Amino acid sequence: MSISDIDTGAHPSERSPDPEASVQQQFRGEREFAARMDATDPLRGFRGQFHIPKTAEGKDTVYFCGNSLGLQPIMTRRFIEEELDDWARLGVRGHAHARHPWMTYPELLSGQVAEIVGAHPSEVTVMNTLTVNLHLLMVSFYRPTASRHRIILEQHAFPSDRYAAASQLHAHGYDARTGVIEIPMHDGRNFTTETVIETIHHHRDDAALLLLGAVNYYNGEYFDIPEITAAARDAGIVVGLDCAHAAGNVPLQLHDWNVDFAAWCSYKYLNAGPGSTAGCFVHERHDQQQGLPRFAGWWGHDKATRFEMPEQFMPMPGADGWQLSNPAILPLAALRASLDLFERAGMRAIRKKSELLTGYLEFLLHTQPSPHWDLITPKIKERRGSQLSLRVPTYGRHFFDYLSSRDVICDWREPDVIRIAPAPLYNSFDDAWRFADLFNGYFAATV
Ligand SMILES: *Cc1c(COP(=O)(O)O)cnc(C)c1O
């Protein structure tokens, strides 16, 4: 087997020198291939930078849940301890005199964050949590009128986004039941860019906002954001992205693509820990817009006069102007530890490995085709990140429990979807092999 076979997804029987050999026997041989891939992986050093959850016997679990909660970098503890020490040592003086002064802590991160989402540093900030940020940005950029107030989301949008959109409609006095438009899945599996654009065209006169998961959390589809953004803006619809499953996973160019605003959490692919501080993006062309409505707080006020406590709010330029409160330093320290790893690895190398690893995993699963499972993630690598979603209609829950009892950590979505996420920074090709070995064993034997 070679890397080009991964890309073409060729079945092993099509390449085998010995047509008699059973798939199962060939499959054992695959483990050596996985070992070779790991040995030559340019990112192989990064796995050791993370705590991998262990089995009862102390071996590494197969952790395929980085799209839900990324693993803890080894350095996180030290970064947080530094802040605890500075707080112990300095008390309030830490705001100005900590090794990384708390007053300006978010500014330490904006360069690294901007790199990950493809923005200018002034266009991003870290603050609050994801759903809070979506609301704050909708306050500014969802400007409904009686004839144009609908919000377009994808079917299977994460429930929080749906609740947020519906409650914004309601807060403006519109009917949330008719105000939320869903982009349908095209064939029960994928959305496709065409379906999204059709929905945009259909609602070109009555939609005010497209709020799209850049990577849909359910089937892992990575939308063609530049094309969709151009179509929506052409129709006079504001574009807001939820990048929860995209940030740190797929290459983004939020600035060049002219996206209006975006928000993301940092505990999934970005590995900043449960509930850690989220990020947001506001395109710099909105800096020119005077009088934009926004919910204000003192931390969004002009830095130069913030401590003069003036009565009149003067927002800082850029995304910083949306900050409300002084930043939570401990979660930001965790985020900084993780962003350092992203900077060292580079998104380009991360994406390269993501394509190979996800492709390899998909290839291994297809060595055991069965009517009992179906891949609902796009098969084209440009249209997905580090995630495969498997619909397992009859045996779903049973299969999931089988995996869990064999030290695989992945994710179950009612009623019948299993999501597996091989994260390139810490997952190995051998993880993919171990998962597929269990998978193939199950569908060969139990079903
Ligand atoms: C994970 C996720 C959320 C979670 O929101 P929080 O405010 O961080 O709890 C929201 N939306 C999407 C699309 C997600 O993937």
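The values are calculated or read from the model by the stated rules, or taken from the named source; none is laboratory data. All figures in this text were calculated on a predicted structure; none of them were measured in a lab. As a convention, Cβ positions derive from the backbone with ideal geometry for all residues, glycine included, and neighbour counts pool all protein chains shown. Surface accessibility is based on the protein's heavy atoms, side chains included, excluding ligands, DNA and RNA. Shrake-Rupley method; radii C 1.70, N 1.55, O 1.52, S 1.80 Å.
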Task: Built amide H within the under 5 Å cut-off of Gly213, gap 5+ - done: Glu154, Asp242
- [ ] Per DSSP H run of n ≥ 4, the term is -39500 (n - 2.57); total these for the chain, divide by its residue number, and report the mean residue ellipticity at 222 nm rounded to 500 deg cm²/dmol.
- [x] -11500 deg cm²/dmol
- [ ] Find the accessible area per residue for the chain; the probe is 1.4 Å, ligands and nucleic acids are left out, and the unit is Å².
- [x] 42
TODO: Figure the gain on full extension for Ala230 and Glu308 (residue separation times 0.36 nm, minus the Cα-Cα span) and round it to one decimal in nm.
DONE: 23.8 nm
Task: With every protein chain in place, the range 77-342: carbon and sulfur % of accessible area (1.4 Å) - done: 53
TODO: Counting only C-alpha contacts under 8 Å and six or more residues apart, can you give the relative contact order of the range 77-342 as a whole percent?
DONE: 24
Task: Folded to 0 to 90 degrees: helix 130-141 orientation relative to the chain principal axis, Cα - done: 50
TODO: Starting from 0 in steps of 10 Å, tell me what percent of the Cα-Cα pairs of the chain lands in each bin.
DONE: 4, 20, 29, 24, 15, 6, 1, 0, 0
- [ ] Can you figure out the FRET efficiency of Arg31 with Ser147, using R₀ = 60 Å and their beta-carbon distance, to the nearest 0.05?
- [x] 0.45
- [ ] Provide the per-residue ³J(HN,Hα) series for the range 87-104, in order, calculated from phi with Karplus coefficients 6.51, -1.76, 1.60 and θ = phi - 60°, each as a whole number of Hz, with x at glycine and proline positions.
- [x] 5, 5, 6, 10, x, 4, 5, x, 3, 9, 10, 4, 4, 10, x, 5, 4, 10
Open item on the list: Using all alpha carbons of the range 87-217, what is the percent of pairwise distances in each 10 Å bin, ordered from the shortest bin to the longest?
Closed with: 11, 31, 28, 17, 9, 4, 0
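Where does the range 77-342 land on Rg(C-alpha)/(2.2 N^0.38 Å)?
Scaled against compact globular proteins, the figure is 1.03.
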Open item on the list: Apply the Karplus curve 6.51 cos²θ - 1.76 cosθ + 1.60, θ = phi - 60°, to the phi angles in the range 230-244 and return the couplings in whole Hz, x for Gly and Pro.
Closed with: 4, 5, 5, 5, 4, 8, x, 9, 6, 10, x, 10, 9, 9, 3
Open item on the list: Output wanted: per-residue J couplings in Hz (rounded whole) for the range 281-291, from phi through Karplus 6.51 cos²θ - 1.76 cosθ + 1.60, θ = phi - 60°, x for Gly and Pro.
Closed with: 10, 10, 4, 5, 5, 7, 4, 6, 7, 7, x
- [ ] Can you pull the one-decimal nm distance between simple spin-label points at Lys59 and His95, each 7 Å off the Cα toward Cβ?
- [x] 5.4
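Just want to confirm a number: the relative contact order over the range 43-121, from Cα pairs under 8 angstrom separated by 6+ residues, in percent.
16
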Open item on the list: Quick check on the range 200-337: what does the Kirkwood estimate of hydrodynamic radius come out to from the alpha carbon pairs, in Å?
Closed with: 16.6
Task: 0 to 90° range, to nearest 10: angle between helix 23-39 axis and the chain longest Cα axis - done: 50
TODO: On a 0 to 90° scale, report how tilted helix 329-345 is relative to the longest principal axis of the chain, with both axes built from alpha carbons and the result rounded to the nearest 10.
DONE: 50
TODO: List nothing, just return the count: lysine pairs in the chain, 8 or more apart or interchain, with Cα separation under 26 Å.
DONE: 12
Open item on the list: Take Trp87 and Gln290, extend 7 Å from each Cα along the Cα→Cβ direction, and tell me the distance between the two endpoints in nm.
Closed with: 4.2
